[in-house]
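Down below is the structure, laid out as structure tokens.
The values are calculated or read from the model by the stated rules, or taken from the named source; none is laboratory data. Since the structure is predicted, the reported quantities are computational estimates derived from the model, not experimental observations. For neighbour counting, all protein chains shown are included, and Cβ atoms are generated from backbone atoms with ideal geometry for every residue, glycine included. Quick note on the areas: whole protein, heavy atoms, side chains included, nothing else; ligands and nucleic acids left out. Shrake-Rupley method; radii C 1.70, N 1.55, O 1.52, S 1.80 Å.
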Number of protein chains: 2
Amino acid sequence: MGGDFAPEAAVKGAVMALETIGAESRIVLFGDERQIRTILESEGCPTERFDIVATTEVIEMGDHPAKAFQSKADSSITVGFGYLAKGAIDGFASAGSTGAMMVGSMYAVKPIEGVIRPTISSTVPTVSGRPALLLDVGLNVDCRPEVLAQYGLIGSIYAESVLGIENPRVAVLNIGEEEAKGNAQVKAAHELLKAEPRIRFVGNVEGSHIFSGKVADVIVCDGFVGNTVLKMAEGLYRINRALEVKHPFWSAMNYENVGGTPVLGVNAPVIIGHGCSTPLAIKNMIRSTEQVIKAGLTEKLRRAFQN
Amino acid sequence: MGGDFAPEAAVKGAVMALETIGAESRIVLFGDERQIRTILESEGCPTERFDIVATTEVIEMGDHPAKAFQSKADSSITVGFGYLAKGAIDGFASAGSTGAMMVGSMYAVKPIEGVIRPTISSTVPTVSGRPALLLDVGLNVDCRPEVLAQYGLIGSIYAESVLGIENPRVAVLNIGEEEAKGNAQVKAAHELLKAEPRIRFVGNVEGSHIFSGKVADVIVCDGFVGNTVLKMAEGLYRINRALEVKHPFWSAMNYENVGGTPVLGVNAPVIIGHGCSTPLAIKNMIRSTEQVIKAGLTEKLRRAFQN
């Protein structure tokens, strides 16, 4: 149970998720058992609908992620990753400390062999109606070209298997359409992506076309740039909400509808929720986790990086 | 006379600008004299209101900027920069070839001594009502930290003297508010900016606050990131226009209202207009040029970099 509104929002979101997940899926709740039971009761939801794993500690936002992950061994995040690493659960999602979630991803479930750097991604809405996948959105801020090229393959596999986009168009975010444009990092990544036969590389995509859907389904960029794009979109969404500018396209920008940020390239499905996740956001985060599990994403990524 | 709709849009915009510029200001038109006179006539505008410098060549968008700047010696851009370099005009603006405009800025009027890399900037609207200045927006895509630090000073002087923002807040675009965040380039720039006594450095600004106006008046970033931010804003503006999402905040995003991109750090005022400038955009570009001239920006920048 993590996030700014934990455990209420998390439990309520889990209750909402019951309606959307498959009958064969089971939600395991990690957290303060008494609190979880109290909230479930007030929601009128039988506790048998969930598995509850009682934990007693909480990793706070102010804690040092790596230290807290170790020292708070009975926190929901540390216990959850333990379950994930030994295969007792098939995927793990939390709106708690992003840093601790990353520590768990890197040190408990570990990167897939062959993946230089795992990545966090985000789906963004496009005017065309179907989402685009942006990666990296903040984990790796000084990406080597080889890392960006791997993101093209990782993103393509995710877009196809989880988002259901057939033969997704992969592009690298750049400051011009022409091949010779860009900084040294992106120019080199462009060459590597062009040489990758397993993806449909369409070249460069400019900032103006991230949300148009006209150029690319998978947009590869350095984490510094991707994080800026994502936060700028969030900021403009909030501005529009405050100004009462309404449109379904902008509603789709709402992080609540996005369902969290998958960590890609590690040995199990991990989804990181927004710190200020509402029950709706938690529900969508759980649904995303189920989708990633059912798509067999981890196995597909492992096979892709086997050579 | 440059731009996709030249010379009509340029001449019409110049006619519109007559109403907004000071009585002591004089607009000089460089281009095909017969065409200029024909358009002025059809606009019912006496030719005496302008100085006309007849040129016979045009640098096309497909031309190699540096080569064309030299070989097409009688193009409006090359002749205009000649006038600017010898002081026959006080500032120069064009919506023609951006590349040729940069060649003229760097080789005809030249960088101010002490400026490592001149920069192109853009004002962006904020919800607070006053604009923010973003730089660099695409000229330098692999900025050394020292270059970013200079942009803080250049931007601060521009915001104060041209935009009229007293004691402007200068921030570096980063992926977190905390000082330790960011890539190697931005962390080093942060230290240098903090040590610059002539600016009011407020630390990091995240993508979410570029348009809020809550954190910074001057936002320093690498040209790759700044260009992405600017193009993303343009793309979202166009999406909103297509979706008929209307609000004054979004109207302010329209490049037509921005008035071009000043080249900062060179020995004379140069403003580059959007290729697809309309008469309104040209009018605003001319007005911006007058503002930069009247603010004595070049002299202020020269003094700042004297030591």
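Before we move on, is A:Ala159 surrounded by 22 or more Cβ atoms within 10 Å (Cβ to Cβ), within 24 Å of the chain's Cα centre (by Cα) and within 14 Å of another protein chain (Cβ to nearest Cβ)?
Numbers: surrounded by 22 or more Cβ atoms within 10 Å (Cβ to Cβ): yes; within 24 Å of the chain's Cα centre (by Cα): yes; within 14 Å of another protein chain (Cβ to nearest Cβ): no.
Considered against the rule, which asks whether it is surrounded by 22 or more Cβ atoms within 10 Å (Cβ to Cβ), within 24 Å of the chain's Cα centre (by Cα) and within 14 Å of another protein chain (Cβ to nearest Cβ), A:Ala159 comes out as no.
Among the residues of the stretch B:86-94, is any of a type in the set (D, E, K, R), at pLDDT below 95 and under 24 Å from the mean Cα position of the chain (by Cα)? If you could, list the steps in order and put the result at the bottom.
Here is the first cut: in the stretch B:86-94, the ones of a type in the set (D, E, K, R) are B:86, B:90.
Adding the requirement that they be at pLDDT below 95 leaves none.
Among the residues of the stretch B:86-94, not one is of a type in the set (D, E, K, R), at pLDDT below 95 and under 24 Å from the mean Cα position of the chain (by Cα), which makes the answer no.
It is to be established whether one or more residues within the stretch B:248-261 are modelled with pLDDT of 95 or more, within 14 Å of chain A (Cβ to nearest Cβ) and within 30 Å of B:Pro111 (Cα to Cα). Even if it seems obvious, please write down each step before you answer.
So the first thing to find is which residues in the stretch B:248-261 are modelled with pLDDT of 95 or more, and the list is none.
So far as the stretch B:248-261 goes, no, none of its residues is modelled with pLDDT of 95 or more, within 14 Å of chain A (Cβ to nearest Cβ) and within 30 Å of B:Pro111 (Cα to Cα).
Cβ contacts < 6 Å: first residue more than 14 Å from B:Ile36 (Cα to Cα), restricted to the stretch B:10-22; second residue among the hydrophobic types (A, V, I, L, M, F, W, C) and assigned to a helix (DSSP H, G or I), any location; separation 6+ or different chain. Result?
B:Ala17/B:Ile286
If you check every pair at least six apart or on different chains, which have Cβ atoms under 8 Å apart with a residue in the stretch B:269-285 that is within 16 Å of B:Ile59 (Cβ to Cβ) first and a residue that is assigned to a loop (DSSP other than H, G, I, E, B) and among the aromatic types (Phe, Trp, Tyr) second?
Once the first residue is within 16 Å of B:Ile59 (Cβ to Cβ) and sits in the stretch B:269-285, its partners that are assigned to a loop (DSSP other than H, G, I, E, B) and among the aromatic types (Phe, Trp, Tyr) give B:Ser277/B:Phe5.
Taking only pairs six or more apart or across chains, which ones have beta-carbon atoms under 7 Å, a first residue in the stretch A:225-247 that is within 7 Å of another protein chain (Cβ to nearest Cβ), and a second residue that is outside any loop (DSSP other than H, G, I, E, B) and among the β-branched types (Val, Ile, Thr)?
A:Val225/B:Val225; A:Val225/B:Thr228; A:Thr228/B:Val225; A:Thr228/B:Val229; A:Val229/B:Thr228; A:Met232/B:Val229
For the stretch A:107-137, name all the residues that are closer than 24 Å to A:Gln185 by Cα, open to solvent by less than 20 Å² (accessible area, probe 1.4 Å) and not aliphatic (A, V, I, L, M).
Within the stretch A:107-137, A:Pro118, A:Thr119, A:Ser121, A:Ser122, A:Asp136 meet the criteria.
So how many residues does the stretch A:213-224 have that are more than 21 Å from the chain's Cα centre (by Cα) and within 8 Å of chain B (Cβ to nearest Cβ)? If you could, list the steps in order and put the result at the bottom.
Within the stretch A:213-224, the first condition is being more than 21 Å from the chain's Cα centre (by Cα), and the residues that meet it are A:214-215.
After this cut, where a residue has to be within 8 Å of chain B (Cβ to nearest Cβ) as well, the list is none.
The total comes to 0.
Among the residues of the stretch B:185-212, write down those that are within 14 Å of chain A (Cβ to nearest Cβ), of a type in the set (Gly, Ala, Ser) and open to solvent by 10 Å² or more (accessible area, probe 1.4 Å). Steps first, answer last, please.
Here is the first cut: in the stretch B:185-212, the residues within 14 Å of chain A (Cβ to nearest Cβ) are B:185-190, B:204-212.
If we keep only those that are of a type in the set (Gly, Ala, Ser) too, we end up with B:188-189, B:207-208, B:212.
Correct list: B:Ala188, B:Ser208, B:Ser212.
Looking at the stretch B:88-106, which of its residues are part of a loop (DSSP other than H, G, I, E, B), out of contact with any Leu (no Cβ under 9 Å at 6 or more places or on another chain) and open to solvent by 50 Å² or more (accessible area, probe 1.4 Å)?
Applying the first criterion (part of a loop (DSSP other than H, G, I, E, B)) to the stretch B:88-106 yields B:88-91, B:95-97.
Checking which are out of contact with any Leu (no Cβ under 9 Å at 6 or more places or on another chain) leaves us with B:88-89, B:95-97.
Selection gives B:Ala88 alone.
Output the residues belonging to the stretch A:30-52 that are of a type in the set (A, V, I, L, M, F, W, C) and either in a loop (DSSP other than H, G, I, E, B) or open to solvent by less than 20 Å² (accessible area, probe 1.4 Å) (or both).
Within the stretch A:30-52, the subset of a type in the set (A, V, I, L, M, F, W, C) is A:30, A:36, A:39-40, A:45, A:50, A:52.
The answer is A:Phe30, A:Ile36, A:Ile39, A:Leu40, A:Cys45, A:Phe50.
In the stretch B:162-179, what residues are open to solvent by 30 Å² or more (accessible area, probe 1.4 Å) and more than 12 Å from chain A (Cβ to nearest Cβ)? Talk me through it step by step, then tell me what you get.
Of the residues in the stretch B:162-179, the ones open to solvent by 30 Å² or more (accessible area, probe 1.4 Å) are B:163-164, B:166-167, B:169, B:177-179.
Across the stretch B:162-179, the qualifying residues are B:Leu163, B:Gly164, B:Glu166, B:Asn167, B:Arg169, B:Glu179.
Within the stretch A:287-307, how many residues turn out to be outside any loop (DSSP other than H, G, I, E, B), closer than 11 Å to A:Ile154 by Cβ and either in contact with a Cys (Cβ under 8 Å, 6 or more places away or on another chain) or not charged (D, E, K, R) (or both)? Please lay out each step first, then the result.
Our first condition is that a residue be outside any loop (DSSP other than H, G, I, E, B); within the stretch A:287-307, this holds for A:287-294, A:297-304.
Now narrow it down to the ones that are closer than 11 Å to A:Ile154 by Cβ: A:297, A:300-301, A:304.
This time we only want the ones that are either in contact with a Cys (Cβ under 8 Å, 6 or more places away or on another chain) or not charged (D, E, K, R) (or both), so: A:297, A:301, A:304.
Matching residues across the stretch A:287-307 total 3.
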